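Notes follow the structure.
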Amino acid sequence: MNRDTTTSPTADWGQLLWDPLRLSAMASEYAVDAWQRSILYADVRRQRGNQYQEHLQEQTPNVLDFASEVIMSGLDLPQPVNYGLVRILPPADTPSDPHKRPFVVVDPRAGHGPGIGGFKPDSEVGAALKAGHPCYFVGFLPDPVPGQTVEDVMRAEAAFVRKVGELHPDSRGKPAVIGNCQAGWQILMAAAVWPELFGPIIVAGAPLSYWAGDMPMRYAGGLTGGSWLTALTSDLGAGRFDGAWLVQNFENLDPANTLWSKQYNLYAKVDTEGPRHLQFEKYWGGHVFLNDVEMQYIVDNLFIGNKLSTAQLVTSDGVRIDLRNIRSPIVVFCSYGDNITPPPQALGWITDLYRNDLDVMGHDQTIVYATHDSIGHLGIFVSGSVGRKEHQEFAANIDAIDVLPAGIHRMLVDENPDGSQEGEPTGNAYLTRIQRSNIDEVREIVRPDPENDRRFAAVARISEVNLACYRSFVQPWMRALVTDQGAKWLEPLHPLRMGYELWSDRHPLAAAVHEAAQHVRDHRQPVSEANPFLQLQAQFSTAVEQMLDQFRDCRDQIYAQAFDTLYSLPLVQAMTGQSLHDDAPPRPHPSETPEHRQYLAQELTRLEADIHSGGLAEAVIRALFFVLAARGEADGRHFRHAEQLVRPRLGSDFDMQVFRHLVRRQALLMRLDEDATVSAIPGLLNGIAPDDIRQVAGMIVQVIGSGGVLSAQEQTRLEQVSTLFEQAERQAQAASAPAVISPATDTSATVVDAKSTTAMPRSASGTSAAVEDANAAPAMPSSASDTSAPAINTTSKTSSPKPKAPQKKTATQKTVSKTPAAPRTSQTRRGKGK
């Protein structure tokens, strides 16, 4: 029945009470609609129970929305695990480019089944395929292999990445790996032990520093006495930990959504919401298991111990798991709307490992972080808007991320201001900007608190004591009483599982409800949006949500106050080995060791020798860094324009890894001593043909100008760079025709300081002719496909003469020159330099 929806959206109860006939008609209309919606709601929930039972019977249950083929099974490894590697088959209309680096998406094993990274077309898998990258997916079976450990899983994931690399020997770079949630820390652990296997690593919503932030879930370990409860739960499952308990912890964080909003949303929109609800519930109800040793390791060493972020974990064969060993860029994607892994927990490992920016560069590590303002935890992987925006931009700019210099950077994805302009890719709605950041900005997000660390250190110690007591006095009895069959009987009695088990076609009333739902769909009578009783229903729902939110806030506040009060007591801290007068930090900072300081000093000496070493490629990279340093950022337009200009000039033997090392090395030199590094550019161009120097200078102007209007400082720096290249060009001309140039006018020995602009021919306007208008297309080279332009060799390294008149350094510059620099070492399997 169609109802008039032109009535005012806000009900006028005063008028309705004076019109009882109209009021009763609206009440009758609402009653019919509410009854029909109740029947349809019950039928959707019945389908949910059926879907759950069918999902349990599948051999490899997952929610992956893409066709795939098995490449490698973890069951066949020396230490077998329940993980597997599949290749995602690209759609016919978007074939993969075999020369692009492959992507590997790894799903979390945190209570749910696999597939969330490829849940829909607008997802991490979909973004990689849309960008033309070969794509692989790492999933898992519901039941672990008996005896399987976290270390076994780590080795399996390394084997999968190694296999993907072997399948793509012609790729431009090593595989890019995406680790979602719990898979994020697993991937970083593997990359810390086998750094040579990994390309850029993207960790999305991954908790890495568990003591940071103010999330209420972090208090659970302290308020329950530690990890003994984890051991008890595993013993009740006969050596298996039911992932439904992890899912229940997530649901307890938001009781309004769990107890009311999710169900009400289905009830209120039951005519259209059913398919989406069932799709999500297939994932949310696909509970999986972990071995007792796996779960105990995770809780003891990560959730409570927080040992990963301070390099305290060691493998069974004595290899220390130190995240500073990772040589690939690490992209951290987190959200302020995430109540499971808020930004402090996602970024806290940076402040745990590093004291300052020089320490980050000293380990030659590149960290990029991107934050979302509001999306929830699951939305980071599932949301279509995030898939179309952030994940698509990650995939499109992955090669640019791979060559970023060591240090901390911030990635921003904004609306593209000129996406429709000529030269921009069609349909590119977003523009990625990468800004130079620092550890102080990260510290503002994390807000480290030494007193908070003392409280959590006390929790860790008490947890060890309670776990030892449980294992000594209770666990033997529990293991004697619980059998495999008894654990099977207890499994469906879990509160979350019962919701799926109790209402399905197995219920005697299910057939009647299904038949009634079919009748309702054939005779549906939706109520008008203006119906006052429907508006009253919505207001009642809002009131219930607000009440439950207030309950949650009060509960979390009580948890926090109880935790802080208990574990701040001097007696409790003294019992855990902490004195009131102890100024030492509760956990050691890995950067503050004599060995570390000696290591950085040695690397500084090695790096200083490279200032006057290099050729044409080094000169171009230094020039670009020098100009863009004034802006503090680069965006996708710079990257795309640079690729269009440079790629046709790269030789067939171009090595992405060599080029990456070259770019990162030059960036470190610029950070070490910018003036000396830039002043050395003319010397680097010795032996280069004048025409080649001129054309490369034009390329620099084009790339710089592609990012929009230049500031005065950028324009000044561009003029300084052009001066150096013109000087090198004159020197090359003088060297090629020595008989024409008289000694009185020979300027080949002149060295122009990076800050000088007087030795350069000027136009009538007083600016360099090469940069008179950096925003206009330069005359050289005329096109990106100009094959007469010089081929840039990224492998040759020559030593240039030092300037005869070096610039006098200020006191500040002398201090900077003593800054520890990045290692120039190869990484072994154990992450140690040779």
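So between LEU509 and LEU493, what do we pick up on full extension, going 0.36 nm a residue minus the alpha carbon distance? Walk me through the intermediate numbers first.
Numbers: separation 16, 0.36 × 16 = 5.76 nm, distance 2.10 nm.
Computed gain between LEU509 and LEU493 is 3.7 nm.
Would you please put 466-476, 100-110, 446-456, 714-724 in order of how densely packed they are, using the mean number of other Cβ atoms within 10 angstrom per residue and starting with the highest?
With the highest mean Cβ count within 10 Å placed first, the list reads 100-110, 714-724, 446-456, 466-476.
Sorted by mean Cβ packing within 10 Å, highest first, what order do the peptides 665-678, 203-216, 554-567 take?
Averaged packing, sorted descending, gives the order 203-216, 665-678, 554-567.
Amide H neighbours of SER613 under 5 Å, counting only residues 5+ apart in sequence or on other chains, H built in-plane at 1.01 Å?
SER800
Extension gain LYS163-GLN557, at 0.36 nm per residue separation less the Cα-Cα distance, in nm?
137.0 nm
In what order do HIS514, HIS391 fall by count of nearby beta-carbon atoms within 10 Å, going from fewest to most?
So the residues, fewest neighbours to most, are HIS514, HIS391.
My understanding is that a pair violates if its Cα-Cα distance is over 25 Å; which of LYS282/LYS307; LYS100/LYS389; LYS130/LYS262; LYS120/LYS282; LYS100/LYS307 do that in this structure?
With Cα atoms farther than 25 Å apart: LYS282/LYS307; LYS130/LYS262; LYS100/LYS307.
Would you mind ranking LYS130, LYS307 by Cβ crowding within 10 Å, fewest neighbours first?
Numbers: LYS130 20, LYS307 17.
Going from sparsest to densest Cβ surroundings: LYS307, LYS130.
In sequence order, what are the phi-derived ³J(HN,Hα) couplings for the range 392-400 according to the Karplus relation 6.51 cos²θ - 1.76 cosθ + 1.60 with θ = phi - 60°, rounded to whole Hz, with x for glycine and proline?
Values per residue, Gly and Pro as x: 5, 6, 4, 5, 5, 10, 5, 5, 5 Hz.
What ranking do 76-84, 725-733 get when scored by the average of other Cβ atoms within 10 Å per residue, highest first?
725-733, 76-84
Amide H neighbours of VAL104 under 5 Å, counting only residues 5+ apart in sequence or on other chains, H built in-plane at 1.01 Å?
Residues meeting the amide H criterion: TYR136, ALA176, VAL177, ILE178.
What does the extension gain come out to for SER579 and ARG521, with contour length at 0.36 nm per residue minus their alpha carbon separation?
Details: separation 58, 0.36 × 58 = 20.88 nm, distance 7.02 nm.
My answer for the length gained is 13.9 nm.
Once the Cβ-Cβ distance between ASP414 and LEU536 is put in as r, and R0 is 51 Å, what FRET efficiency do you end up with, to the nearest 0.05?
So the FRET efficiency works out to roughly 0.75.
If we count other beta carbons within 10 Å of each Cβ, what is the order of THR224, THR605, THR432, fewest first?
With the fewest neighbours first, THR224, THR605, THR432 line up as THR605, THR224, THR432.
Could you quote the convex hull projected area for the range 460-552, Cα atoms only and averaged over all directions, in nm²?
12.4 nm²
Can you work out the Karplus-derived ³J(HN,Hα) for every residue in the range 484-501? Use 6.51 cos²θ - 1.76 cosθ + 1.60 with θ = phi - 60°, whole Hz, and x for glycine or proline.
4, 5, x, 5, 5, 5, 6, 4, x, 7, 4, x, 6, 5, 4, x, 7, 6
Starting from the amide H of ASN416, placed 1.01 Å from N in the peptide plane, find each other amide H under 5 Å away whose residue is 5 or more places distant or on another chain.
TYR430, LEU431
Tell me, what is the FRET efficiency for ASN265 and SER28 to the nearest 0.05, using R0 = 30 angstrom and their Cβ-Cβ distance as r?
That gives a FRET efficiency of 0.75.
For the pair SER374 and SER736, what calculated FRET efficiency results from E = 1/(1 + (r/R0)^6), where r is the Cβ-Cβ distance and R0 = 35 Å, to the nearest 0.05?
That pair, SER736 with SER374, gives E of 0.05.
Using alpha-carbon positions, what is the distance between the centroids of the range 34-73 and the range 216-232, in Å?
Each part reduced to its Cα centre gives a spacing of 32 Å.
Just so you know, all these numbers are worked out from the coordinates, no wet-lab data involved. The model shown is predicted, which means the values in this text are computed figures rather than measured ones. Positions of Cβ are generated from backbone atoms using ideal geometry, with glycine treated the same way; all protein chains shown enter the neighbour counts.
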